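Just below is one structure, and these are the notes that go with it.
Readers should treat all values here as calculations from the given coordinates under stated rules, not as data from a laboratory. None of the values given here were measured: they were computed from a predicted structure. When we count neighbours, we look across all protein chains shown, and the Cβ atoms used for this are built from the backbone with ideal geometry, even at glycine.
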Amino acid sequence: MKLIKKYENEAKKFVGVCHKLAKNLYVTSSGGNLAWKLEEDLLLITPTQVYKGDIGLKDLVFIDLEGNVVEGKRRPTGETPMYLKFFNLRKDIVSVVHCHAPHVGAFAISKGTNWLMRPIYPETTIEVGPVPIVPYAEPITEKLAEQFEPFLPKYNSFLMESHGLVTMSRSDITETMMIMDLLEMSAKSILLALQVGGIKELDQQAVCDLGNTMRTRNLPLFGAPGVNKSLEDLYF
């Protein structure tokens, strides 16, 4: 049985996320890409140089964790080295989305404070976590993939300096898209707050209490399993 048939439901969700990224203007032209680990050594990934709003089932590509095409007529995204790094170093991760969401992207090119590293909203604090800036490197290069290495153990979302956003999760591609939506709306609110009087953070006790909320909801800490001790330690 062909993989596109075996994983038809997942493939349809995947295409749906591609179309939502385009509809929300999180991607333009042929920018952005995404991947979903379906088996231990099998990724569903976007093709190179195709507008996400036009992607259909026929365009999808299946690769293994060495980057070899297993099924599909198109070439996988040029950012494949980055995804191989993610999935090989973070065995817990199931899906990843890279896009250029405009309000989050403002922090990727700003000289100011990266407020996405700070606890502002409860939901963002417990569902997204801190978002560090990964130093710039030329896109679609092994160097860019290597820039993530110091950050991958501790975080699940990343600003790519002068580039865009990467978000990963232990859930399916739809859940990762929802996390990205939450972060984009939070970034928009932060930018508006900076215009009307500055930012008010959650204090250390509030973050400590949110750690209790995460335990109650059985939400895992960000980063690789066992790396972070508590939500409080991530922010303070």
* To do: Could you list, in sequence order, all residues of region 22-40 that are surrounded by 15 or more Cβ atoms within 10 Å (Cβ to Cβ), over 14 Å from the mean Cα position of the chain (by Cα) and touching a residue at least 24 places away in the same chain (Cβ under 8 Å)?
  => ALA22, ASN24, THR28, GLY31, LEU38
* Here are some residues: SER110, SER157, SER189. Which one is under 30 Å from ASN9 (Cβ atoms) and among the hydroxyl-bearing types (Ser, Thr, Tyr)? -> SER157
* To do: Run down THR80, THR124 and say which single residue is buried (at least 21 other Cβ atoms within 10 Å of the Cβ), polar (S, T, N, Q), within 30 Å of MET185 (Cβ to Cβ) and free of Cβ contacts under 8 Å to residues at least 40 places away in the same chain.
  => THR80
* To do: Could you list all residues from region 6-34 that are part of a helix (DSSP H, G or I), in contact with a helix residue (DSSP H, G or I) (Cβ under 9 Å, 6 or more places away or on another chain) and farther than 22 Å from PHE86 by Cβ?
  => GLU8, LYS12
* Restricting the search to region 47-77, which residues are surrounded by fewer than 14 Cβ atoms within 10 Å (Cβ to Cβ), within 20 Å of the chain's Cα centre (by Cα) and more than 22 Å from GLY16 (Cβ to Cβ)? -> GLY67
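Here is a check on your reading of the model: is LYS154 outside any helix (DSSP H, G or I) and exposed (fewer than 15 other Cβ atoms within 10 Å of the Cβ)?
no
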* Asked: Looking at region 121-151, which of its residues are in a helix (DSSP H, G or I), closer than 27 Å to PRO81 by Cβ and out of contact with any strand residue (DSSP E or B) (no Cβ under 7 Å at 6 or more places or on another chain)?
  -> GLU142, LYS143, LEU144, ALA145, GLU146
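Among the residues of region 93-120, which ones are part of a loop (DSSP other than H, G, I, E, B) and within 14 Å of the chain's Cα centre (by Cα)?
Residues satisfying the conditions are ILE93, VAL94, HIS100, ALA101.
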